[in-house]
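For reference, the structure is listed below as structure tokens.
No value in this document is a laboratory result; all are computed from the given coordinates. Everything numeric here is computed off the predicted structure, so don't read it as measured data. When we count neighbours, we look across all protein chains shown, and the Cβ atoms used for this are built from the backbone with ideal geometry, even at glycine.
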Amino acid sequence: MIAGPVRPFSNRFRVVLLAAALVGCSADAAPLARGPAWQTATALGGAGTVRDNTRNAFSQPLPTLSMKERRAFQVGNSLFNENWVVAPASAAGRDGLGPLFNANSCSGCHFKDGRSAPPHGVLYRLSLPTGQPDPHYGGQFQDKAIPGVAPEGAVDQEHTIVPGAFDDGTPYTLLRPVVSFRNLAYGPLAEGVTVSARVAPALLGVGLLESVPEATVLARADEHDRDGDGISGRPNRIGGRLGRFGWKANQPDLYTQVAAAFQNDIGITSPAFSDEVHTSRQVAARAAPHGGQPEIDAHRLARVVFYMQTLAVPERRAGSRRGAVLFAAARCDACHTPTLQTGPSATTAGLAYQTIHPYTDLLLHDMGEGLADGRADHEATGREWRTPPLWGVGLVEKINGHTRFLHDGRARNLIEAILWHGGEADAARRAFLAMSKQERAALLAFLRSL
Ligand code: HEC
Ligand code: HEC
Ligand SMILES: [Ca+2]
Ligand SMILES: [Ca+2]
Ligand SMILES: [Ca+2]
């Protein structure tokens, strides 16, 4: 039987586990071929999968690209790594940094197309209870500025310790971040302003996620939990379009996401967002020279977008089949959807009609008070987050040299990431608490294989 020996589960969880095992069992008898295909699938990105477990594993082009497309990918890659400089510079074409910014390149935060860990590469989003940006600091806190302009200030992330224990008595501790601002250069933050800290996510396979038809995502939504399983995924919407990218699915597509990153994170204007980011109180910033209007033109912006769209997904490595069964038994797969199909693609043939295993439903879920940032983002509430894809989580340590997870990087490893789950995912967390040490290890081995 695929479930293998199951010992110290709570009775309630044992029922779920047996049910899952039964669903996975058909009448035929081949012992290892049972269960859904995702449990053993290694081509996580379909035809967009590459065999690479090196430090460059998140940075490979789709293997299906033509020679011409590969050249466009390379141009996008170098713009992604480009260090933008202060204008005016002799290096016309890569000047216009700031005046306010967070980093001088995309790769400054998404190192090797991977993810950041606090305190580096973290963004702080700001808003008033009305949803409006802070009047003096705007919607994003920029802690850097060009010479002659004051950075908005500095941010400290400290933490308090939250203790807990697994059902078998094994203790654990979690770190709850506490954010504070100092050296505020433009007066106090507005009364009641909410702050949301976010790390830079890894960028593998984002083009495949962009190619999943909106109808496929919406079909999985269950806003009013009609099936009564306690899980009610909801889409975010931006001007009527499905939100897909960002920790709250607050961007509808990669073009908008990339152009917004250039504008807000690096201070580079583009045809999509032609204004420099500063508020009326930031007088020196308003007077600063720019590096062209816009600072990145449509052609080069398109190259960076194409580069994002055509990043491949590394092949899955050896893991634990039992861990995959436990993943389903604990109902992790109710949000971390193992299998999706992409639709047609206007970008490149390799993205179209692929069976992929991203482990996300791209929907918003109420994750409880523990993870709440209290800040609404389009239709997402202060307690909702988009299910992040799990492909690549096992390679983060090798590529980025850390194992920090969740939207603000508070989890020091994958186990802590699961232990923070609450709200709609509380039953999944409790199932995890009820697992034996061996079962936890099997689940972890499965996650590390992704
Ligand atoms: C200061 C750090 C920082 C810089 C610089 C930065 N990013 Fe990001 N990036 C982030 C953060 C943080 C998020 C998540 C944003 C959110 O949740 O609101 C993100 C999200 C993304 C996403 C969406 C990924 C997903 O799975 O949802 C893409 C694509 C992306 N960035 C591309 C870029 C590109 C291209 C550049 C350069 C133009 C860039 N980023 C520069 C921090 C950064
Ligand atoms: C109700 C939906 C839901 C269920 C069920 C669920 N998750 Fe999640 N998971 C999420 C969301 C949403 C986040 C992002 C939360 C955040 O960053 O604050 C997340 C984050 C994670 C992360 C961190 C990913 C990253 O990139 O930082 C891991 C690992 C993870 N989940 C594994 C699991 C496992 C294992 C289970 C089952 C025991 C599970 N999840 C059950 C919705 C869910
Ligand atoms: Ca600029
Ligand atoms: Ca700002
Ligand atoms: Ca439901």
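Below are the figures for this structure:
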| read-out | value |
| --- | --- |
| Restricting the range 156-258 to trypsin sites (Lys or Arg not before Pro) in coil, as DSSP defines it, with at most 15 other Cβ within 10 Å | Arg226 |
| Paramagnetic reach from Ala185 (point 7 Å along Cα→Cβ, amide N under 17 Å) across the range 259-287 | 264-268, 276-287 |
| Value at 222 nm in deg cm²/dmol, rounded to 500, when DSSP H runs of n ≥ 4 in the chain each add -39,500 (n - 2.57) | -6500 deg cm²/dmol |
| Percentage relative contact order, the chain, counting C-alpha pairs under 8 Å, at least six apart | 23 percent |
| Full-stretch length increase - Glu223, Arg55 - with 0.36 nm per residue and alpha-carbon distance subtracted | 56.5 nm |
| Rounded tilt (10° steps) of 437-448 against the dominant C-alpha axis of the chain | 50 degrees |
| Local electrostatic count at Phe73 - Lys and Arg +1, Asp and Glu -1, tallied over other residues with Cβ under 13 Å | +2 |
| Too-long pairs where the Cα-Cα distance tops 28 Å, listed order kept, from Lys68/Lys398; Lys144/Lys248; Lys68/Lys112; Lys112/Lys144; Lys248/Lys437 | Lys68/Lys398; Lys248/Lys437 |
| Nitroxide proxy distance, nm - points 7 Å out along Cα→Cβ at Asp275 and Asp426 | 4.2 nm |
| For q = 0.25, 0.28 Å⁻¹, Debye-computed log10 I/I(0) when each Cα of the range 55-100 counts as one equal scatterer | -0.88, -0.98 |
| Angstrom value of the Kirkwood radius, inverse mean 1/r, which spans all Cα pairs in the range 157-220 | 17.1 Å |
| Förster radius 22 Å - calculated FRET efficiency between Ala318 and Thr339, Cβ distance, rounded to 0.05 | 0.65 |
| Globularity index of the chain, i.e. its alpha-carbon radius of gyration over 2.2 N^0.38 Å | 1.00 |
| Relative packing of peptides 372-383, 184-195 - highest average C-beta neighbours within 10 Å first | 372-383, 184-195 |
| Added length on full extension, which subtracts the Cα-Cα distance from 0.36 nm per residue, Asp156 to Ala441 | 99.2 nm |
| Amide proton proximity set for His159, modelled H, under 5 Å, gap of 5+ | Val178 |
| Residues Glu210, Glu384, sorted so that the one with the fewest Cβ neighbours within 10 Å comes first | Glu210, Glu384 |
